[in-house]
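Comments concern the structure below.
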Amino acid sequence: MITEMLLGTESVIILKTERTGLSLEKKLMVSLCEKNARSFVTEEAFVIMKQRAIAGQDLLWSGKGPGAEYLGWLDLPESFAESDLEKIETTAEEIRNTSDVFVVIGIGGSYLGSYAAISFLRHRFYNNVPRSLRQGPEIYFAGNHFSGRYLKELIEVIGERDVSVNVISKSGSTMETAVAFRFFRQYLEDRYGREEAVRRIFVTTDATQSPLKDIAEESGYCLLGIPSNVGGRFSVLTAVGLLPIAVSGGDIRTMLDGASAMRAHLLREKDCNDALIYAIYRNLFFEQGKTVELMACCDPCLHHLAEWWKQLFGESEGKNHLGLFPAAVDLTTDLHSLGQFIQDGSRIMFETVVRITEHRADEAVVVTESLDDFDGLNDLSGMTMDEMNAKAFYGSTMAHTDGGVPNLLLSVPNKNADSLGQLFYFYEYACGISGYVLGVNPFDQPGVEAYKRNMYALLGRKGYEEERRRLLERLQETDRLQ
Ligand code: PA5
């Protein structure tokens with residue numbers, strides 16, 4: 001439950017949550033600017049799409065849309081039980097005290113959110129700086145592919161140092177994760193013995209039932225539950241994301257508060273909010289044949305957030321031969337690789353730029369004055385790199401808009417846990433609306449099963465005998481053709 005009041009500006013909110021017991025608090029909000037997109041759509045089309053988006057939003061809150069059994073994320077920031085939060089914090093503390101290295105084993109929604117958050121919140125070179133600068137253990141991700149070499153090299157990185165693992169899988173049966181977990185469980189048992197290995201294995205899985213839950217209970221591993229009504233790619237604000245983030249020293253309470261604030265903001269502004277507007281433009285551009293949304297990140301700390309966002313929107317909307325293809329670029333890095341295409345290639349995309357607006361004085365790097373002006377940069381002396389980045393941002397935005405690429409701008413007030421919580425919730429909410437407008441179930445992923453079925457059949461797993469026969473015939477046919 002949340003009580004909130006408007007302070008007069010769109011970007012400031014006062015809230016009091018029952019969970020945190022916070023009294024009045026001001027918050028700068030993540031916000032969307034549509035100025036450079038408006039001229040690409042007609043007023044009439046916008047109004048019609050807005051009605052569809054409001055209907056989509058109503059479906060979300062009424063729980064009457066497809067996939068409604070997976071809407072648990074909607075209330076998650078508010079409904080999070082204090083005891084569950086405390087368990088995550090004490091578990092994280094235990095891992096921090098006993099481990100030099102922490103390995104997160106998971107794939108898709110079971111790792112992208114925590115990876116994004118740690119990259120956004122923590123030191124840019126988190127694993128490489130002395131522990132005093134990062135507080136938590138080094139953190140590595142595994143189980144997100146089938147590379148044996150990667151696992152072997154990761155063991156070399158761990159060396160003699162103490163390690164704990166967190167295996168994360170909502171279904172508890174994902175093959176990439178399961179194989180990596182089997183590898184690490186063996187490694188831990190060989191190295192520490194069974195009893196100590198048990199203390200170094202942490203399991204995050206569906207709270208009600210999953211094969212991994214059974215394994216954890218039988219083996220005595222520390223178990224953290226994922227609410228059954230929260231799907232993988234919407235699970236960053238559950239133990240899935242929160243445990244690794246807390247291990248890294250990230251402020252998970254503030255992150256949840258940020259998500260709560262965004263939720264309150266969106267609820268209050270149901271008739272016209274930024275998530276609604278984002279969903280409107282996404283669908284308008286899709287209908288115009290702009291089938292790619294390019295998330296353009298103005299700071300390296302946003303790179304992995306874009307990876308999380310790609311899964312969120314790609315897996316939620318890409319069905320029934322519909323949906324925008326989510327792609328991402330880093331600015332200004334990729335202006336030197338893909339900038340030409342964005343400016344002048346096929347007109348298939350629109351761009352959503354994500355930009356952190358706060359420039360911290362303690363992080364500023366200033367162009368210095370040089371006596372001989374050896375590189376001709378003296379005219380820029382005194383300018384910070386953030387200021388230069390801002391000019392590059394304005395320059396590229398205007399150039400791309402002029403080149404026929406509509407531009408939305410998502411402004412993130414700070415590089416902190418509050419802003420990140422807001423961002424996560426904003427995107428999830430917009431994704432739910434946008435998927436409903438598109439006419440798909442945003443909360444399932446039937447297409448992912450196709451590769452799994454083929455893989456299981458080719459691996460010779462039980463129950464896939466007929467598919468295996470058909471696939472082997474196809475493979476032989478391909479071999480004959482080569
Ligand atoms: O969004 C989803 O549900 C999926 O993409 C999952 O996150 C991904 O497949 C991993 O599944 P699991 O957590 O069950 O191992």
Rounded Å value of the spacing that divides the Cα centres of the stretch 410-480 and the stretch 119-136 | 31
What is the spread of the Cα atoms of the chain along each of their three principal axes, largest first, in whole Å?
-> 62, 58, 56
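What accessible area per residue, rounded to a whole number of Å², is obtained for the chain using a probe radius of 1.4 Å? Intermediate values should be presented prior to the final figure.
On the way: 22060 Å² over 482 residues.
Accessible surface, normalised per residue, equals 46 Å².
How long are the semi-axes of the equivalent ellipsoid of the stretch 273-355, taking √(5λ) for every eigenvalue λ of the Cα gyration tensor, in whole Å from largest down?
Numbers: eigenvalues 82, 50, 29 Å².
One finds semi-axes of 20, 16, 12 Å for the stretch 273-355.
May I ask for the equivalent-ellipsoid semi-axes of the stretch 100-240, computed as the square root of five times each C-alpha gyration tensor eigenvalue and listed largest first in whole Å?
Output for the stretch 100-240: semi-axes of 22, 19, 14 Å.
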For the stretch 42-138, just list the percent of Cα-Cα distances falling in each 10 Å bin from zero outward, please.
-> 12, 26, 27, 18, 13, 4, 0
Measuring from centroid to centroid over Cα atoms, what is the spacing of the stretch 313-345 and the stretch 266-281 in Å?
-> 23
Once you treat every alpha carbon in the stretch 167-293 as an equal point and sum by Debye, what is log10 I(q)/I(0) at q = 0.22 Å⁻¹?
-> -1.23
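Whenever you get a sec, compute what percent of the accessible area on the chain sits on carbon and sulfur atoms (1.4 Å probe). Mind showing how you got there, number by number?
Numbers: 11670 of 22060 Å².
So the carbon and sulfur contribution to the accessible surface is 53 percent.
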Please work out the FRET efficiency for the pair Val179 and Gln135, using the Cβ-Cβ distance as r and a Förster radius of 30 Å; give the result to the nearest 0.05.
-> 0.45
The alpha-carbon pair-distance distribution computed for the stretch 330-388, with 10 angstrom bins and whole-percent values, is 17, 32, 31, 17, 3
From largest to smallest, what semi-axes in whole angstrom does the stretch 361-482 give when each is the square root of 5 times an eigenvalue of its alpha carbon gyration tensor?
-> 52, 25, 17
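Relative contact order for the chain: what percent, with Cα pairs under 8 Å and sequence separation of 6 or more?
Worked out over the chain, it gives 21 percent.
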Please go through the stretch 140-173 and write out the chymotrypsin sites (Phe, Trp or Tyr not before Pro) that DSSP classes as loop and that have at most 15 other C-beta atoms within 10 Å.
-> Phe146
With a cut-off of at most 13 other beta carbons within 10 Å, and DSSP calling the residue loop, which GluC sites (Glu not before Pro) in the stretch 366-437 qualify? Please list them.
-> Glu369
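Relative to the present Cα-Cα distance, how much length would full extension add between Ile155 and Gln343 at 0.36 nm per residue of separation? All intermediate terms of the calculation are to be shown ahead of the outcome.
Details: separation 188, 0.36 × 188 = 67.68 nm, distance 4.41 nm.
Result: 63.3 nm gained on full extension.
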In nm, give the distance between the simple-model label positions of Asn128 and Leu322, each being 7 Å from the Cα along the Cα-to-Cβ direction.
-> 4.5
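The values are calculated or read from the model by the stated rules, or taken from the named source; none is laboratory data. Since we're looking at a predicted model, the values are computed, not measured. Every residue, glycine among them, receives a Cβ derived from its backbone with ideal geometry; neighbour counts consider all protein chains shown. What goes into the accessible areas is simple: the full protein's heavy atoms, side chains included, and nothing from ligands, DNA or RNA. Shrake-Rupley method; radii C 1.70, N 1.55, O 1.52, S 1.80 Å.
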